[in-house]
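The values are calculated or read from the model by the stated rules, or taken from the named source; none is laboratory data. Since the model is a prediction, treat every value here as computed from it, not as a measurement. FYI the Cβ positions are ideal-geometry reconstructions off the backbone, even for glycines, and counts take in every protein chain you see.
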Amino acid sequence: MALYALASGGLAWLIQPIFDQVLPQGDQVGLICGAIVGLYVVKGGSSYFSVYLMADAGQLLVRDLRSELFAHILGQSTAFFGGRATGRLLSRITNDVSRVQQVVSETCGDLLRESLLLVTYAGLLLYLDARLALVCITGAPLVVYPLVRLGQRVRRTTRRSQEQLEQLSHLTVEAFTGHRVVQAFQAEAFEHRKFHRASERLYRTNMKVTSTLSALPPLMELLGGLGIAAVLWYGSREIAAADLSPGQFTSFMAALLLMYGPVKKLSRVNANIQQALAAAERIFETLDTHTETEDRPGARVLAPIGAGIEFRDVTFQYHDDTTPVLRGVSFTVRAGQVAAVVGLSGAGKTTLVNLVPRFHDVTGGAILIDGVDVRDVTLRSLRGAIGMVTQDTILFDASIADNIAYGDQAASRKSIEAVARAAHAHEFIVELPDGYDTSIGERGQRLSGGQRQRLTIARALLKNSPILILDEATSALDAESELLVQDALGKLLLNRTAFVIAHRLSTIRRADAIIVLDGGRVVEIGRHAELLARPNSTYSRLYASQVFGSGAEHDVTPEIDGAEHPGAPVAGVKSGVDGRQ
C-alpha cells in the first residue's frame, strides 16, 4: 500500500516537468516516459498484492471468528439453546460475521490505502506550494463533521437491519424444518405472509441505510467543488505574480483532484465500518454470554462405576424461573440397575435425567457417582461414560456408518456392523442402495421412525458406556418396529446403570425400581407390583388413568428381577420420602 501511494504521488509530481520542460523545450522525453511506465508497473503490482493480502487477512479473520463463535455456542448449556432460536444463532455465524469480513477485506484495505494516498498527495501539495496547500487543508473539518454524524446514524440503522435479517433467517429455518406440518395444515400462505412482512421491514430499514449512504457523495462533491474554486482563484493570482509556474500549478491541481477519489472512498469507509461495528456488537454479545458447564479446579477423571449413582437432596430451578423444577430429590441406583422415571407431563422427568451428564448443574444438593460429586470429575470423562437414546431421534446428514460411529469415530466397519446387527438394523441397511455408505438426509428423513431409532440404539451400543439415559421412543412405532426396538433396547440395557423415562408399561415392569415424580418431588419408589399394591398410591392412579401405554403384545426382553440383578430395588434404591425404603 505504501508503494502504491508513493507511485501515485510520483505520477502526479511528473506533471510539473512535463509542462515546464518536456512540452515547451522537448527535454528529457525518454526519461519522463520511462519514469511514467515504471511508476505504473509499481502501482499496478502494489495494488494487486495489497488487495490480495487484505482479502487473505479478512478470510483468515472470518474463518477464526466463525470457528470460535461456533465452538462457543456449541459449548453453551441446554438452557442457552432453549432460549434462542436456531435461525437467530445461524444469522450470527453467517450474516454478522460476513459483514465483519467484508469490512476487514475491503473497507480496512481502502482505509489504509486511501489514507496513505492522502498523506502522499498532501505532502506533494505542501512541497509544491505550502501556502496554497494550507488553504486547502483548512477545509478538512468541514468534511469530517458530517461524516461522523452520518456514520452514527448508519450504525444505529444497520443494527436494526441485522436484527431483522436475523428474524428472516429464523422464520426461514422454522418453516423449512417444519415443512410437513406447514403443508399438512395448509399454512403455506400464512408462512409466506409472515416472511413477506419480515422481508418488507428489512427492505425499509435497508433503504434508510441506503438513503444515508447516498447523501455522502453529493456532499463530498460540493465540498470538493468549493475547494477547487478557491485554489483556482488563489492560483491564478500566484501565477500572475510569477510566484508559481504553470507546471507547478498544474501538478498542484492534479494532486488536488486526485485527492478527491481517496476522500470520497474514505467517506464511505466510515459508514461501512459503522455497519460492521453494529454486526460486531451482536457477535461479541454472543461471545460474552457464558452459560457453559465447566470443570472445577482440580477435577479428576471419573473412575469405573462400582457402587452406583446417588441423588442427594437435589434441587434444581432454571435461572429465569422462580419455582424449582425439582425439590429435595433423594434416591440411589446401584450399578447395573435400571430405574424407570415416571410421572405426569411437567413432573420434572427430563430435567432429572439431564442433571446426570450435567446438561444443567444442580442448584442444591448433589449427584454422586460412587460417592464422588459429578461436579468434581472432568466433564469429558463424565459424558464419556454416559450413552443416550432419546425419543427425538437425532441423526446427521451423513452416511449410516458415520452416524453409528458418531461417538467412536475410529470404530472399524466390523464393529459398526456388529452393533447394527445387535440393534436389528443390519437387515434394512444392506437393502439400501449403498448399504452402510448410504446418506440418510437431514435428521435421517429418508428412513422410517423405527429404522432411525434402531440406528440411535446401535450408536449407543458402539459407545458402550456404563451409564445409559433412555427416553423410550416406541410410542409412535408400529407393532413390528416396536418389537425389534424393544429387543434392541433389552440388549442395550444389559449390565448398564440406566435411567429410563418410561412411556411403555412393558419397560416399566422390567425396571429394578420405578421412581414416581409428582410436582418435582419423588413421592414413591418401588417395583411395579409393589407400587400397585399400595393403597391410593400415585403410581396406581397413573396406572388406572392409563398414562402408560401397553407396549408390544409380547415382551421380547427377559424379565428383570432381583435374582438376576443383585441388589433388589427395596435395598438398592432408597427414597427420602416419608422415610420409606
*Within the group G365, G384, which residue is over 26 Å from D518 (Cα atoms) and either in the same structural domain as G82 (by TED's automatic domain parsing) or not charged (D, E, K, R) (or both)?*
G384
*Scan of segment 346-389 for residues that are β-branched (V, I, T), surrounded by 16 or more Cβ atoms within 10 Å (Cβ to Cβ) and either part of a helix (DSSP H, G or I) or in contact with an Asp or Glu (Cβ under 9 Å, 6 or more places away or on another chain) (or both), ordered by number*: T350, T351, V353, I367, I369, V374, V377, V389
_Show me the helices (runs of 4 or more DSSP H) entirely contained within segment 62-108 in which 3 or more residues are in contact with a Ser or Thr (Cβ under 6 Å, 6 or more places away or on another chain), surrounded by 18 or more Cβ atoms within 10 Å (Cβ to Cβ) and of a type in the set (S, T, N, Q)._
none
*Kindly indicate whether F284 is part of a helix (DSSP H, G or I) and either free of Cβ contacts under 8 Å to residues at least 12 places away in the same chain or not assigned by TED's automatic domain parsing to the domain that holds E68 (or both).*
yes
*Looking at segment 113-122, is at least one residue under 20 Å from the mean Cα position of the chain (by Cα), farther than 20 Å from S161 by Cβ, surrounded by 15 or more Cβ atoms within 10 Å (Cβ to Cβ) and among the aromatic types (F, W, Y)?*
no
*Determine whether P324 is assigned to a loop (DSSP other than H, G, I, E, B) and under 22 Å from A513 (Cβ atoms).*
no
*How about segment 228-255: which of its residues are within 54 Å of the chain's Cα centre (by Cα) and modelled with pLDDT of 75 or more?*
F252, M253, A254, A255
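Pull up segment 293-321, narrow it to residues that are more than 24 Å from A79 (Cβ to Cβ) and assigned to a loop (DSSP other than H, G, I, E, B), then point me to the one that is modelled with the lowest pLDDT.
A307
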*Wholly within segment 465-551, which helices (runs of 4 or more DSSP H) include no fewer than the required count, namely at least 1 residues that are at pLDDT below 75?*
479-493, 505-510
